[in-house]
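Trainee: Sharing a structure below in structure tokens format, with a few things to ask.
The values are calculated or read from the model by the stated rules, or taken from the named source; none is laboratory data. Worth saying up front: this structure is predicted, and the values here are computed from it rather than measured. Cβ coordinates were reconstructed from backbone atoms using ideal geometry, including for glycine residues, and neighbour counts include every protein chain displayed. To get the accessible areas, we keep the full protein, side chains included, count just its heavy atoms, and leave off ligands, DNA and RNA. Shrake-Rupley method; radii C 1.70, N 1.55, O 1.52, S 1.80 Å.
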Amino acid sequence: RSDYRIGKSESEMPEKLIAISDIEGNFNGFSSFLQNNNIVDSNYNWTFGNGHLVLVGDFVDRGNNVAQVLWLIYKLEKQASENGGKVHFILGNHEIMNFQGNGGYNQEKYIKVAQEISQMNEWEKAIQFMYSNETEIGNWMRTKNVIEKIGNYIFVHAGLNPEILNYKIDLNQINKITRENWDEDFYRNPGNNSTANFLIGRKSPIWYRGLVTEYKYYEKIKESELDKILEYYNAKKIVIGHTVVKDISTDFNGKVIRIDLKHGTEKNSGMTKGLLIENGIEYKIDDKGNKYVL
């Protein structure tokens with residue numbers, strides 16, 4: 001592509017929106033989910049019209065078809081735009097780990113490919129090169145956001161820690177500051193900028209698990225704290241991945257929608273699931289085309 005534009009942090013709610021997270025290189029589950037929910041046809045071309053597809057982070061690492069998953073998203077983003085729709089690729093901790101050269105969750109073949117293409121033997125530098133501005137995929141992925149608000153819904157990979165309100169930053173600032181610093185591993189090695197440390201570190205929107213459970217660094221969020229976050233960002237609900245749950249489900253009286261689960265690795269398994277929001281109603285959907293009111 002000849003140009004790359006950073007995506008908007010806020011969008012209006014479309015008539016139809018489908019969200020899915022944490023595919024992790026699982027092309028079988030991802031592709032059958034897209035096909036059986038009429039997002040793509042049998043040749044993987046966009047058929048979702050003016051609908052929006054929201055990908056809530058962690059589409060890389062672990063699986064053995066990471067390249068196929070990324071190139072499909074790359075293709076669908078352009079096709080969606082040409083048809084009045086949109087693909088929102090929101091980055092998770094694993095995308096950003098690869099920006100940082102942390103290839104510990106890469107399959108060995110991807111390490112080898114990175115070494116061959118970059119001509120660098122050191123794993124970290126080779127992986128960094130593959131996800132840098134020196135490559136097409138890297139250039140493209142670096143235009144993506146870590147948080148977006150669509151209608152009254154916030155979409156973020158991991159969650160929002162109550163401490164975010166101390167920094168008094170809006171969604172544009174969250175994305176901008178994260179983008180300026182995401183090559184640095186502030187999770188393990190904090191730097192001098194307290195805001196950047198927070199936005200990429202243990203309590204960050206790409207790592208925080210407190211909307212689902214307590215964790216070794218913090219307690220589970222209180223509903224009163226969640227309400228203050230929603231009020232500050234003028235939103236009604238947050239959709240998150242990152243922390244695995246048994247099924248697409250809600251918490252805090254429907255204010256948190258959790259969509260990370262153990263997806264099926266075979267096509268049409270019925271175990272790969274996502275969220276559909278259509279005409280204001282939320283549904284759980286799967287890769288067999290089943291649809292249930294959430």
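Trainee: Is it true that some residue in the range 220-230 is farther than 16 Å from I164 by Cα and either among the polar types (S, T, N, Q) or modelled with pLDDT of 95 or more (or both)? Steps first, please.
Mentor: Let us first name the residues in the range 220-230 that are farther than 16 Å from I164 by Cα, namely none.
No, the range 220-230 contains no residue that is farther than 16 Å from I164 by Cα and either among the polar types (S, T, N, Q) or modelled with pLDDT of 95 or more (or both).
Trainee: Looking only at residues in the range 147-165 that are in a loop (DSSP other than H, G, I, E, B) and buried (at least 17 other Cβ atoms within 10 Å of the Cβ), which one is nearest to the chain's Cα centre (by Cα)? First the steps, then the outcome.
Mentor: Pass one, the range 147-165, residues in a loop (DSSP other than H, G, I, E, B): 151-152, 157-161.
Filter again for buried (at least 17 other Cβ atoms within 10 Å of the Cβ), leaving 151, 157-161.
Values: G151: 17, H157: 5, A158: 9, G159: 11, L160: 14, N161: 17 Å.
Across the range 147-165, the extreme among qualifying residues is H157.
Trainee: All but one of (1) open to solvent by 30 Å² or more (accessible area, probe 1.4 Å); (2) touching a strand residue (DSSP E or B) at 6+ places or on another chain (Cβ under 8 Å) hold for K267, so report the exception by its number.
Mentor: (2)
Trainee: Take the range 233-259 and flag every residue that is buried (at least 23 other Cβ atoms within 10 Å of the Cβ) and of a type outside the set (V, I, T).
Mentor: Of everything in the range 233-259, those that are buried (at least 23 other Cβ atoms within 10 Å of the Cβ) and of a type outside the set (V, I, T) turn out to be G241, H242, R258.
Trainee: Suppose we keep only residues that are assigned to a helix (DSSP H, G or I) and not aliphatic (A, V, I, L, M) within the range 166-179. Which one would you say is surrounded by the fewest Cβ atoms within 10 Å (Cβ to Cβ)?
Mentor: Step one: list which residues in the range 166-179 are assigned to a helix (DSSP H, G or I), which gives 166-167, 171-179.
Those still in the list that are not aliphatic (A, V, I, L, M) too: 166-167, 172-173, 175-176, 178-179.
Working: N166: 11, Y167: 13, N172: 14, Q173: 14, N175: 24, K176: 16, T178: 21, R179: 18.
Among residues in the range 166-179 that are assigned to a helix (DSSP H, G or I) and not aliphatic (A, V, I, L, M), the one surrounded by the fewest Cβ atoms within 10 Å (Cβ to Cβ) is N166.
Trainee: Taking the range 28-68 on its own, how many of its residues are under 16 Å from H157 (Cβ atoms) and open to solvent by less than 20 Å² (accessible area, probe 1.4 Å)? Let's see the steps before the verdict.
Mentor: First pass over the range 28-68, keeping only residues under 16 Å from H157 (Cβ atoms): 53-62.
Subset that is open to solvent by less than 20 Å² (accessible area, probe 1.4 Å): 53-61.
Number satisfying all stated conditions: 9.
Trainee: Could you pull out the residue among I73, I111, I117, I137 that is open to solvent by less than 40 Å² (accessible area, probe 1.4 Å), in a helix (DSSP H, G or I) and either out of contact with any Leu (no Cβ under 9 Å at 6 or more places or on another chain) or more than 23 Å from N26 (Cβ to Cβ) (or both)?
Mentor: On the way: I73 fails: either out of contact with any Leu (no Cβ under 9 Å at 6 or more places or on another chain) or more than 23 Å from N26 (Cβ to Cβ) (or both); I117 fails: open to solvent by less than 40 Å² (accessible area, probe 1.4 Å); I137 fails: either out of contact with any Leu (no Cβ under 9 Å at 6 or more places or on another chain) or more than 23 Å from N26 (Cβ to Cβ) (or both).
So the residue among I73, I111, I117, I137 that is open to solvent by less than 40 Å² (accessible area, probe 1.4 Å), in a helix (DSSP H, G or I) and either out of contact with any Leu (no Cβ under 9 Å at 6 or more places or on another chain) or more than 23 Å from N26 (Cβ to Cβ) (or both) is I111.
Trainee: I've got another one for you. Can you tell me which residue is most open to solvent (accessible area, probe 1.4 Å) among those in the range 82-102 that are polar (S, T, N, Q), touching a residue at least 40 places away in the same chain (Cβ under 8 Å) and part of a loop (DSSP other than H, G, I, E, B)?
Mentor: N102
Trainee: Exactly one condition in (1) open to solvent by 10 Å² or more (accessible area, probe 1.4 Å); (2) under 16 Å from K255 (Cβ atoms) is not met by K144; state its number.
Mentor: Here K144 clears every test but (2).
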